[in-house]
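What follows is one structure encoded as structure tokens, with my remarks underneath.
The values are calculated or read from the model by the stated rules, or taken from the named source; none is laboratory data. The shown structure was predicted, so the numbers you read here are calculated from the model rather than taken from an experiment. For neighbour counting, all protein chains shown are included, and Cβ atoms are generated from backbone atoms with ideal geometry for every residue, glycine included. Only protein heavy atoms, including side chains, enter the accessible area calculation; ligands, DNA and RNA are left aside. Shrake-Rupley method; radii C 1.70, N 1.55, O 1.52, S 1.80 Å.
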Amino acid sequence: MEQVRALVQTITETISTFTELAAAIVIGVAVIEAVWRSARTLVVHGGGSDEAKQNLRLRLGRWLAVSLEFLLAADILRTAIAPSWQDIGQLGAIALIRTALNYFLQREIEAQAQSRQTQSRQERFRQDGEAAPTPLER
């Protein structure tokens with residue numbers, strides 16, 4: 001029975017490590033993409049508009065949210081095989097911090113997306129020569 005437990009612990013630790021590696025790869029690729037797009041926006045568009053910068057930020061934020069999900073999954077796996085209450089407590093604190101970061105990042109992404117939709121809707125109404133409906137008129 002002890003051999004099975006050791007095998008499960010080894011497998012779980014390996015999966016957790018690969019999950020963290022996947023998160024690191026996602027973060028690395030996202031940062032490289034963000035730097036590339038930022039440089040291109042800076043050179044081609046002379047600094048870019050606030051909207052272009054906001055799009056860059058949101059895109060990076062979405063990828064960071066994905067990587068936080070991977071890291072949280074790795075934490076959950078590690079909690080399942082944690083040998084002591086202190087380890088469980090530490091992993092729980094890390095998971096709580098990552099969950100909070102992900103929550104607030106997701107809220108900001110959704111708020112920006114909603115703001116962009118509202119601006120887009122107002123632009124369409126301006127182009128049509130009509131007044132945009134207020135939230136009460138909808």
- Message: Looking at the range 90-102, can you tell me whether even one residue there is open to solvent by 70 Å² or more (accessible area, probe 1.4 Å), under 26 Å from Arg37 (Cα atoms) and without any contact (Cβ under 8 Å) to a residue 24 or more places away in the chain?
- Response: no
- Message: Which pairs turn up if I take residues in the range 3-26 that are within 13 Å of Ala73 (Cβ to Cβ) and look for partners that are aromatic (Phe, Trp, Tyr) and open to solvent by 50 Å² or more (accessible area, probe 1.4 Å) with beta carbon separation below 8 Å, at least 6 apart in sequence or on another chain?
- Response: Thr19/Phe70; Glu20/Phe70; Ala22/Phe70; Ala23/Phe70; Val26/Trp63; Val26/Phe70
- Task: Kindly provide the set of residues from the range 76-85 that are closer than 23 Å to Ala100 by Cβ and open to solvent by 30 Å² or more (accessible area, probe 1.4 Å), ordered by number.
- Result: Ile76, Leu77, Arg78, Thr79, Ala80, Trp85
- Task: Would you be able to say whether some residue in the range 61-75 is of a type in the set (A, V, I, L, M), surrounded by 10 or more Cβ atoms within 10 Å (Cβ to Cβ) and without any contact (Cβ under 8 Å) to a residue 24 or more places away in the chain?
- Result: no
- With the condition kept exactly as written, say whether any residue in the range 10-32 is closer than 20 Å to Ala113 by Cβ and open to solvent by less than 60 Å² (accessible area, probe 1.4 Å). yes
